[in-house]
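*Asks:* The structure under discussion is supplied below as C-alpha cells; questions concerning it will follow.
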Amino acid sequence: MPDTPQQPDTTPPEFGSVDEVADRFAAHGYITDRRLATTVFLLSRLGKPVLLEGPAGVGKTELAKTLAAVTGRRLLRLQCYEGQDESRALYDWDYGKQLLYTQMLRDKIGDLTADAPDLATAVGRIEAQDSVFFSERFLAPRPVLEAVRGERPAVLLVDEVDRADEALEAMLLECLAEYQVSVPEIGTFTAKIPPYVVLTSNNTRDLSAALKRRCLHLFLDYPDADRELEILRAKRTGLPEAAERHLVQVVRGLRALRLRKNPSISETVDWARTLAVLGVEELDPQVLAQTVNVVLKYERDLNQALDVLPRLVDPNRALPEPGHGHGHEHSHRHGHSHGHGHSHGHEHGHSRNRRASRP
Ligand SMILES: Nc1ncnc2c1ncn2[C@@H]1O[C@H](COP(=O)(O)OP(=O)(O)O)[C@@H](O)[C@H]1O
Ligand SMILES: [Mg+2]
C-alpha cells in the first residue's frame, strides 16, 4: 500500500468539532442535522470521500457547494452522465492549442525536417519533439486532475455518479484511493492537500461495493419537520412562521402519499415563496390547491393531492366529513358532481368538487 498523501501535521484541521460544522454551515444557510454534520466533520478529519445517496432535492449537491464556501476551498464539479468518457473526467489534451502552436512554429518545425533524407527520418525527428507537445503546457485538466494538481485546496464534487458507467466509476475509485492521477506522457500527479471529495447519487443504479467501502456513506432523506422549517426560515421566504410550520406539515402529508415524485426541499421553499408573494398569511385548502402545481409536476400526483389537501390542511376536519356532511357541503358536492359544472367533464370530479365545495 502506498503512503497516503496526507500531511496531518502541516494541514490544520478545518473544523474543530461537529458543532462547529453545524454552526458554520448554518451561517451559510445550510441546515444540517447531527448525522450530516458528523459526516462532514469526519470527511475533513479522515480524508475519506463521502458518498451521499438519496432522492432528488434533499441537499446533496448543495452540501458540497456549502462545504466549499465554508472552508474557502475551490469547488470543482464533475457532473456525471451516461456514456461519459475518461477524458472528460480526468484530463484531456488541448488540441486547439497544440494546433495553434504547430502553425505558428511552422518554420521552426520546417528547420527540423529540412535536411531529412526521407519521410521516415522526418517523422522520427518530429516524434522526438512529442514531449514538448504532450507536456503540462498542453494539458487540459478536467475536474479530477484539477482537484489533485491545483495549488489551492479543493472540494471535488462528483455529482450524480450513478449516471456514469461502471467503468468510469472504477476509474474514479482508483484516483480517489490515493488522490492521484497518472498521465502516461507526463507522470503521476499527487495531491499536496487532498481534496474533500463529495460524491452524490440519486440511486438510479446500485453503486459498486468497492465505492461504498471506500467512502463515508450517508443516506440523505427528506428532513424532519423541525429541520425543514429551519430551512424555510433560513431562506427568508416571506411567509409568516406559523404558516411555514403549517406548510411543512402539508408537504409531509403529500410525501406520505406515495406520489410519483415527492416534493423536494427546494420545492417546499418555492411553495412558501409563492404563497408569500400571493400575500397568504394563513393556509387554506383553496389557495394550496391553486398553487400545489409548484411542488407537483405530474397530473396524477396533482389529482391525488387535490383529493387530500383539505384533510392535510386541517386534519381535524377529516373525520366528520363523510358522515356529517349532510349540510351545505353535501348538497354542493352533489350539485357539482352532477355537473352543471364549472369543471370540465373529463376532470376527475371528486377532487375538484370537494375543493370547490369548501366555503
Ligand atoms: N439542508 C438544507 N439547508 C438549506 N437548504 C437546503 C438544504 N437542503 C436542500 N436545500 C435547498 O434545496 C435545494 C436543492 O438541493 P440540491 O442540493 O440541489 O438537491 P440534490 O442535489 O439532493 O438533488 C438547494 O439549492 C437548497 O436551496
Ligand atoms: Mg444534485
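Nothing in this text is a laboratory measurement; each read-out follows from the coordinates by a stated rule. From a predicted model like this one, the values you see are computed outputs, not experimental measurements. Cβ atoms come from the backbone with ideal geometry, glycine included; neighbour counts cover every protein chain shown.
*Asks:* So which GluC sites (Glu not before Pro) in the range 107-161 are both in a DSSP loop and have at most 13 other Cβ atoms within 10 Å of their Cβ?
*Replies:* For GluC sites (Glu not before Pro) across the range 107-161 that sit outside H, G, I, E and B with at most 13 neighbouring Cβ atoms in 10 Å, the list reads E151.
*Asks:* Moving to a separate point now. Scan around V197 for amide H atoms under 5 Å from its own, H built in the peptide plane at 1.01 Å from N, and keep only partners 5 or more places away or cross-chain.
*Replies:* Correct list: V50, L156.
*Asks:* Tell me, L278, L78, L207 in order of fewest to most beta-carbon neighbours within 10 Å?
*Replies:* Lowest count first: L278, L207, L78.
*Asks:* Here is a further query. Run the numbers for I126 and A242: contour at 0.36 nm per residue of separation, minus the present Cα-Cα distance, in nm.
*Replies:* 34.3 nm
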